[in-house]
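The values are calculated or read from the model by the stated rules, or taken from the named source; none is laboratory data. Just so we're clear, the structure is a prediction, and the values are computed from it rather than from any experiment. Ideal geometry is used to build each Cβ from the backbone, glycine not excepted, and the neighbour counts take in all protein chains shown. Remember, those area values only see protein heavy atoms, side chains included, never the ligands or the DNA or RNA. Shrake-Rupley method; radii C 1.70, N 1.55, O 1.52, S 1.80 Å.
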Amino acid sequence: MIRRLVILLWASMLALASTTPVGAQSREPILVPDISEHDIVLRQGFTGADLLLFGVILDPGGGRMQGNYDVVVVLKGPSEEIQLREKGRLLGTIWVNAQSTAYRSVPSFYAVASSRPIADIVDERTAAIYELGLPYLQLSPTGSIDPEEQARFSAGLVDLRERQGLYAQYETGVTVREGVLYRARLPIPSNVIPGRYVAETFAIADGRVITSATSEVDVRKEGFEGVVAEEAEDNSFLYGLFAVGLSVFMGWAAGRLFALV
C-alpha cells in the first residue's frame with residue numbers, strides 16, 4: 001500500500017511537470033485518488049469487505065498544500081426506484097399497509113467519511129449541493145405529498161437503510177497525513193447489490209470545495225449466482241416461469257416423498 005501511495009505521488013508530480021508551462025501555474029490543487037479494490041465479487045458466502053480509499057492532494061507547484069483543508073469521501077451505489085409503504089393498525093390489532101410514497105432515484109448504498117464533522121466543515125447549502133451527509137441525500141420522491149409527510153417518509157427510509165448497514169456516516173473516518181496523503185476505510189456489507197459504485201473525494205478549505213475527483217468500483221456476481229442474476233435481469237419472464245415451475249415441482253416431489261415414508 002505504501003508503494004501505491006508513492007507511485008501516486010510521483011505520477012501526479014510528473015503529470016504536473018509535463019502539463020504546466022514554466023511561469024504559468026494554475027491555482028487549482030491537484031487531487032489524485034485511488035481505491036484498494038476496483039472489483040468486488042459477490043460469491044457464495046460473501047460476508048462483506050473493507051474498502052480503502054486513499055490518495056494525494058498537491059499544490060499546483062507540485063509540493064505540499066499550504067494552509068488547512070479537510071477531506072470528505074462519498075461512496076454511492078447504483079440508484080434504484082422504490083415504493084415505501086407505512087404500516088398501520090386496523091381496529092387496533094391488525095397491521096395493514098397505510099400510506100405510501102415512491103422514489104425514482106434512491107442510492108442503493110451510501111457511505112460518507114470526513115476528516116471532521118461535516119457541520120464543522122461546510123454550511124448546509126454546500127452540504128446539500130454535494131450531498132455531504134445523510135441529512136442531505138437527494139432521494140427524488142415522485143407524486144404530490146405533504147412536505148412534512150414526505151420528510152417523515154425520507155427520514156424513515158434513511159433510518160431503515162442505516163439499520164440494514166447500507167447507509168453510514170463516519171464523522172472522523174478520514175485521516176490526513178503530512179498535509180498530502182489522505183485515507184479512509186469504508187466497510188461494504190454482504191447485502192449490497194451488483195453494479196457500478198462511484199467514490200467521490202472532496203478537498204475543502206474555508207467552507208468551500210476547492211477540488212474533487214472520482215473513482216469507480218465494480219461490484220458483480222460470478223459463477224452460478226452471476227448466471228442466475230443475469231438471466232433474471234435479461235429474461236425476467238422466462239426466469240419467473242422457471243421459478244414458479246421449480247417451486248411446483250419441489251412441492252410435488254416433497255409430497256410424493258412423504259407419501260412413501
Distance in nm between label sites at residue 85 and residue 116, each 7 Å beyond Cα in the beta-carbon direction?
4.7
What does the accessible area of residue 126 come to, in Å² to the nearest 10, when a probe of 1.4 Å is used?
20
Computed FRET value (nearest 0.05) for residue 250 with residue 190, which takes r as the C-beta separation and R₀ as 25 Å:
0.45
